[in-house]
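Heads up: the structure comes next, in structure tokens.
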DNA sequence: ATCCTGGGAT
DNA sequence: ATCCCGGGAT
């Protein structure tokens, strides 16, 4: 029998995960560290269902970091297609270059080495170390923060993110055993994604029901500061950037100013979006002179 | 603290 | 039709 509440938490989550985990290709035992790294880049922003086909195609085309590093960054941006946040395609390419040049083409297992790579932050570094190499480190994404806020702290929602506090909170409930810690990292995330969801948690199906501090407290409502509402996408700079990127991806010849002008009526906003893309390196002036192309 | 994309949920 | 999402960079 478990001797502490912490053991109960991880044992319960792990038993649930072994039973209910979705079968995903990047969770297969044979999946390479590179495959796991690519999945983490894509999943930073996009639900599993949309990532699946993109991930398969990506790994068939670029099965190793060196393969991706060997093509221009623009190829990565084009293949990224509609996953959104195309800067991440650029970062993933830069990451492949760095792995190839600085790590002999092998995805590093060390958290600090991973953190030094482009596009890899506190979450992705630990996710790759834990899931690709079995390193016992706390992996904290927004799902995990929510699960811990509810099950452990009895709060409806986590407070504002704090890397040190969040990592310490997960470390405090992480199993000592390396293999169990890896399962718990994945399981806590999966529970947050599938059952302990933000808006409509399926508490009826939750394996932690008997342990959950939020449930024990009678599901008190969140009374902390509300997150600022995000600007509408329609008509935003993001929207215009998206239109320009779509044009650049579809084109196999430089996109002219006239073609860009046709995309959006507000010239000022269009120019702002374009200069932003140039500054980000997502678009470059065609060396030949006319128009713009992918890097 | 703010920006970045494009879909899916409500 | 509107709301919501989320890790990394700056």
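Readers should treat all values here as calculations from the given coordinates under stated rules, not as data from a laboratory. All values reported here derive from a predicted model rather than from experimental measurement. Glycine also receives a Cβ, built like all others from the backbone with ideal geometry; neighbour counts cover every protein chain displayed.
For chain A, set up a Gaussian network in which alpha carbons nearer than 10 Å are linked by springs, and say which option among A:252, A:20, A:93 fluctuates the most.
A:252
Roughly what angle does helix A:237-250 make with the longest principal axis of chain A, taking Cα atoms, 0 to 90 degrees, to the nearest 10?
Tilt of helix A:237-250: around 60 degrees.
How tilted is helix A:267-280 with respect to the longest principal axis of chain A? Cα atoms for both, answer in degrees (0 to 90, nearest 10).
The answer is roughly 70 degrees.
Under 10 Å, Cα contacts only: if you run a Gaussian network model on chain A, which one of A:255, A:128, A:204 comes out with the highest mean-square fluctuation?
A:204
Going by alpha carbons, how many degrees (0 to 90, nearest 10) lie between the helix axis of A:178-194 and the longest principal axis of chain A?
Computed tilt is about 70 degrees.
With runs of 4+ DSSP H residues as the only contributors, calculate the mean residue ellipticity of chain A at 222 nm using -39,500 (n - 2.57) per run, divided by the residue total and rounded to the nearest 500.
Taking each H run of at least 4 residues, the total per residue is -16500 deg cm²/dmol.
For chain A, take every pair of Cα atoms, bin their distances at 5 Å starting from 0, and report each bin as a whole percent.
Final binned percentages: 1, 5, 11, 14, 14, 14, 13, 11, 8, 5, 3, 1, 0, 0, 0.
Given an 8 Å cut-off on Cα distances and at least 6 residues of separation, report the relative contact order of region A:52-102 as a percent.
Computed over region A:52-102, the figure is 43 percent.
Output the relative contact order of chain A, whole-number percent, from Cα pairs under 8 angstrom with separation of 6+ residues.
RCO, chain A: 18 percent.
Could you state the orientation-averaged shadow area of the convex hull built on the Cα atoms of region A:18-158, in nm² to one decimal?
Numbers: hull surface 36.4 nm².
Projected over every direction and averaged, the Cα hull of region A:18-158 covers 9.1 nm².
Could you grab the relative contact order for region A:1-96? Cα pairs under 8 Å, six or more apart, rounded to a whole percent.
Computed value for region A:1-96: 23 percent relative contact order.
Hey, got the Cα dimensions of region A:237-287 along the principal axes, in Å, largest first?
Its Cα atoms span 25, 22, 16 Å along the three principal axes.
Among A:241, A:227, A:202, determine the one that fluctuates most according to a GNM of chain A built with springs between C-alpha atoms less than 10 Å apart.
A:227
Please give, to one decimal in nm, the separation of the simple spin-label points placed at residue A:252 and residue A:28, each 7 Å out from Cα toward the Cβ.
Placing both labels 7 Å beyond Cα along the Cβ direction yields 3.1 nm.
Is the shape of region A:211-295 best called rounded, prolate or oblate, per the rule: a/c under 1.5 gives rounded, else a/b larger than b/c gives prolate, else oblate, with a ≥ b ≥ c the square roots of the Cα gyration tensor eigenvalues?
prolate
If you wrap region A:34-73's Cα atoms in a convex hull and average its projection over all directions, what's the area in nm²?
2.8 nm²
Run the simple label-point estimate for residue A:20 and residue A:48 please: 7 Å along Cα→C-beta, distance reported in nm.
With each label point 7 Å from Cα toward Cβ, the separation is 1.2 nm.
Want the number for residue A:142 to residue A:227: 0.36 nm per residue separation, take away the alpha-carbon distance, what's left?
Going from the current span to full extension adds 29.2 nm.
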